[in-house]
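Trainee: Can you keep this structure in mind? I'll have questions shortly.
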Amino acid sequence: MISLRCLLRTCGKNKQRFANHQPQRNHSPDRWLQAQKTINSYRFGNFFIIFASNRNKLRVIAKRTIRDFWEKHADCEDQLKAWYRETEKSEWKNINELKKDYPSASILKNNRIVYNIKGNHYRLIVKFNFDFQICWIRFIGTHAEYDKIDANTI
């Protein structure tokens, strides 16, 4: 993990290089692109603020939703934990890459995906934003509960 002090030092020394989008002499272009993705900086007056983010991994929002669900339905806890770990570590850039890892997932409009959990006993609806690498858990429930909702609008 890169410390904030290291980022400040790096950004201070290479401020001009960051502004001109030119790679350093001793770094490969791939490493330069990686640095651009992980460092976001903003200048407000005399203050220079740097935000370091881990953009390589997908951020799953609302883990509490699935945690509450597996407390009620203990038989799906392992499957939901496995889904969460795999999704969090994934680097999907679009739906096609996701479909390679989960061929049985159903694609809905607005980047919504329906996963079958525990051999079609439960359904999980997730909305993705691939540009920002964010995943929102929109719904989890049994098939009977899933039939009562509109999966495209929930």
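The values are calculated or read from the model by the stated rules, or taken from the named source; none is laboratory data. As the structure is a prediction and not an experimental result, all values here were calculated from the model. Neighbour counts run over all protein chains shown; Cβ positions are idealised from the backbone, glycine included. Only protein heavy atoms, including side chains, enter the accessible area calculation; ligands, DNA and RNA are left aside. Shrake-Rupley method; radii C 1.70, N 1.55, O 1.52, S 1.80 Å.
Trainee: Would it be correct to say that K93 is assigned to a loop (DSSP other than H, G, I, E, B), modelled with pLDDT of 90 or more and either surrounded by fewer than 17 Cβ atoms within 10 Å (Cβ to Cβ) or among the basic types (K, R) (or both)?
Mentor: Considered against the rule, which asks whether it is assigned to a loop (DSSP other than H, G, I, E, B), modelled with pLDDT of 90 or more and either surrounded by fewer than 17 Cβ atoms within 10 Å (Cβ to Cβ) or among the basic types (K, R) (or both), K93 comes out as yes.
Trainee: What are the residue pairs meeting all of these: first residue in region 132-145, first residue closer than 7 Å to V60 by Cα, second residue among the basic types (K, R) and at pLDDT below 95, Cβ atoms under 8 Å, and 6 or more apart or on different chains?
Mentor: I134/R59; C135/R59
Trainee: Find the residue count for region 66-110, including only residues that are among the hydrophobic types (A, V, I, L, M, F, W, C) and over 23 Å from T142 (Cβ atoms).
Mentor: Result for region 66-110: 3.
Trainee: Quick check: is even one residue across region 69-76 under 16 Å from the mean Cα position of the chain (by Cα) and open to solvent by 40 Å² or more (accessible area, probe 1.4 Å)?
Mentor: No, region 69-76 contains no residue that is under 16 Å from the mean Cα position of the chain (by Cα) and open to solvent by 40 Å² or more (accessible area, probe 1.4 Å).
Trainee: Which of the residues that make up region 97-131 are without any contact (Cβ under 8 Å) to a residue 12 or more places away in the chain, over 28 Å from A74 (Cβ atoms) and surrounded by 11 or more Cβ atoms within 10 Å (Cβ to Cβ)?
Mentor: Across region 97-131, the qualifying residues are E97, K99.
Trainee: Please verify whether Y84 is within 20 Å of the chain's Cα centre (by Cα), hydroxyl-bearing (S, T, Y) and either surrounded by 13 or more Cβ atoms within 10 Å (Cβ to Cβ) or outside any strand (DSSP E or B) (or both), treating the condition exactly as stated.
Mentor: yes
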